[in-house]
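Asks: Let me give you the structure first, and then I'll get to my questions.
No lab work stands behind these numbers, since they all come straight from the coordinates. Predicted model, so just to flag it, every value in this text is computed and none were measured. Here the Cβ positions follow ideal geometry from the backbone for every residue, glycine too, while neighbour counts run over all protein chains shown.
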Amino acid sequence: MIKWRKMYEEKLLSVEEIAKKIKSNTVCASPIAGSEAIGIPEAIADRALKENLINIKHCSLLSMKTKKIWNPELDGKFNHITCFASANSRKAIWDKRCEFIPSFYHEIPKVWEETVKPDIFYATVSPMDEHGYFSLGIGVSTCQTLIKTAQKIYVEVNNYMPRIHGDSFIHISEVDAICEFHIPLPELPVEPISDTDKIIGNYIAELVPNEATIQLGIGGIPNAAAASLYAKKDLGIHTEMFTECMVDLIESGVVNNTKKNIHKGKSIATLALGTKRMYDFLNDNVGVELYPVNYVNEPDVIGMHDNFISINSCIEIDLFGQVCSETLGLRHFSGVGGQVDYIRGAAKSNGGKSIIAIQSTAKNGEISKINSLLTEGSIVTTTRNEVDYIVTEYGVAKLKGKSIRQRAKALIDIAHPNFREQLIFDAKKINIL
Ligand code: COA
């Protein structure tokens with residue numbers, strides 16, 4: 001311990017001292033969401049505004065807590081690359097200050113390693129343990145690949161970061177410099193479940209057998225789905241993102257992971273986002289392990305589980321069953337994330353099902369989320385060949401194995417009643433009904 005402590009003192013610098021090491025024409029990469037570095041990139045952005053620093057590229061995913069680095073005045077000095085947008089990056093993507101690289105989440109480590117090739121990796125980590133290890137905490141995701149790829153590794157030690165088990169550690173001997181930057185982690189507040197989401201949750205529960213392994217996406221509907229699973233037995237979790245509702249499923253005994261074919265007894269994820277209560281639950285909890293996304297989201301790994309059920313959402317679906325989850329027309333909103341990884345994984349699983357669950361309308365009932373054709377400019381995230389179940393508050397449409405005419409009918413049946421007549425008219429016009 002004394003050796004690692006001494007090494008820690010030797011490598012310890014201020015945030016500004018580390019930021020000073022970054023030169024023009026450098027590619028830097030940060031982990032996803034709650035593990036992103038904050039102090040160092042913000043200090044580089046400060047420098048870039050005052051000094052003659054140009055062409056720094058910052059790679060991030062679902063950036064949440066950084067602010068200054070998105071300043072439009074940094075264009076040309078400090079620009080961005082991402083594969084998954086957040087509220088922070090959406091405007092930068094539209095303004096062409098952030099390049100967007102479309103990629104399945106399980107392939108993003110390869111994109112960083114083989115195409116983008118970052119020189120610097122910086123990340124928020126937990127305090128060091130007595131053996132010299134920092135936990136990569138709630139954003140393991142692409143970290144191990146970036147540690148291997150980058151020439152310099154800088155870590156921001158944050159006392160708020162939980163120590164999480166799995167392939168989730170970096171040793172001090174691998175780190176080039178350390179700074180301390182203690183700020184609360186980003187939180188996803190738990191929203192009350194709406195009556196509509198409750199109905200959708202109940203339809204989803206009917207599709208989930210006992211002993212299933214589940215993946216839940218982000219948002220109100222996956223939370224409602226979790227809340228409707230309390231009558232189930234022996235569920236397992238293998239998911240991209242560990243969320244607050246999973247704590248309740250574990251603590252109530254519904255999830256015990258005993259029937260999983262791999263990682264028996266453990267809940268597996270690649271990142272985690274929730275509240276402080278969840279981060280406290282994850283701290284040193286040997287029942288939850290985080291692994292790199294190229295493993296967790298690999299469809300072959302997902303497919304090793306029997307009865308794998310994936311539950312995700314989308315922005316719009318057309319009557320062919322094409323699913324858009326990334327854009328609002330031409331406007332970028334998020335990214336494919338792990339949606340297709342899990343849809344393909346569930347398709348490989350014995351007894352597996354993938355579910356896309358949506359409220360039938362958006363914007364207070366003004367817009368149908370089921371349309372004859374996708375809005376112009378929309379990106380097809382999940383193709384009609386892969387889509388399986390669609391669920392709305394009006395029921396369940398099983399699309400896999402159905403003809404184009406049968407799909408159109410099944411989708412119209414679960415669209416909002418106010419739009420069904422128009423949908424029938426449009427479907428006839430485009431000759432699919
Ligand atoms: N037309 C117009 N606006 C629409 C719309 C539509 N068809 N569908 C949604 N919107 C608007 C909503 O009104 C909302 O606007 P607001 O922010 O002004 O209120 C916004 O788009 C977001 O919609 P919402 O339904 O609240 O989104 P969500 O938080 O449930 O997320 C996805 C839905 C599809 C964006 C999200 O699930 C996603 O990014 N999926 C891709 C990644 C993925 O599935 N990963 C899986 C593993 S986590």
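Asks: Only sites in a loop by DSSP and with at most 16 other Cβ atoms within 10 Å count here; which GluC sites (Glu not before Pro) in segment 275-374 make the cut? Display every interim value, and only then the final one.
Replies: Numbers: sites: Glu289, Glu316, Glu326, Glu366; in loops: Glu326, Glu366.
Sites meeting the loop and neighbour criteria: Glu366.
Asks: For a quick check: sort Met7, Met278 by the number of other beta carbons within 10 angstrom, fewest at the front.
Replies: Working: Met7 17, Met278 24.
Listed from fewest to most nearby Cβ atoms, that is Met7, Met278.
Asks: Using θ = phi - 60° and the Karplus form 6.51 cos²θ - 1.76 cosθ + 1.60, what ³J(HN,Hα) does each residue of segment 98-115 get, whole Hz, x for Gly and Pro?
Replies: Working through the residues one at a time gives 10, 7, 9, 10, x, 6, 4, 4, 5, 9, 4, x, 5, 4, 4, 5, 9, 10 Hz.
Asks: Quick one, what does Rg over Rh come out to for segment 296-385 if you take C-alpha atoms and the Kirkwood Rh? Walk me through the numbers on the way to the answer.
Replies: Values: Rg = 13.8 Å, Rh = 13.6 Å.
With Rh from the inverse mean 1/r over Cα pairs, Rg/Rh is 1.01.
Asks: On a 30 Å Cα-Cα criterion, which of the cross-link pairs Lys67/Lys264; Lys398/Lys428; Lys232/Lys348 come out too long? It would help to have the intermediate numbers written out before the result.
Replies: Details: Lys67/Lys264 40 Å; Lys398/Lys428 21 Å; Lys232/Lys348 23 Å.
Exceeds cut-off: Lys67/Lys264.
Asks: Report D for the chain in µm² per second (integer): Stokes-Einstein, Kirkwood Rh on Cα pairs, 37 °C, 0.692 mPa s. Show your work: numbers first, answer last.
Replies: Working: Rh = 22.5 Å.
The estimated diffusion coefficient comes to 146 µm²/s.
Asks: As an exercise, identify the chymotrypsin sites (Phe, Trp or Tyr not before Pro) in segment 161-256 lying in DSSP coil whose Cβ has no more than 16 other Cβ atoms within 10 Å. Working shown, then result.
Replies: On the way: sites: Phe169, Phe181, Tyr203, Tyr230, Phe242; in loops: Phe181, Tyr230.
In loop regions of segment 161-256 (DSSP not H, G, I, E or B), the sparsely surrounded chymotrypsin sites (Phe, Trp or Tyr not before Pro) are Tyr230.
Asks: Taking amide H positions as placed in the peptide plane 1.01 Å from N, state which residues far from Val396 in sequence (5 or more) or on other chains have amide H under 5 Å from it.
Replies: So Val396 has HN proximity to no qualifying residue.
Asks: What aspartates and glutamates could a cross-link reach from Lys77, if we take a straight Cα to Cα line under 18 Å and drop same-chain neighbours fewer than 8 places away?
Replies: Within reach: Glu16, Glu42, Asp46, Glu51, Asp95, Glu99, Asp119.
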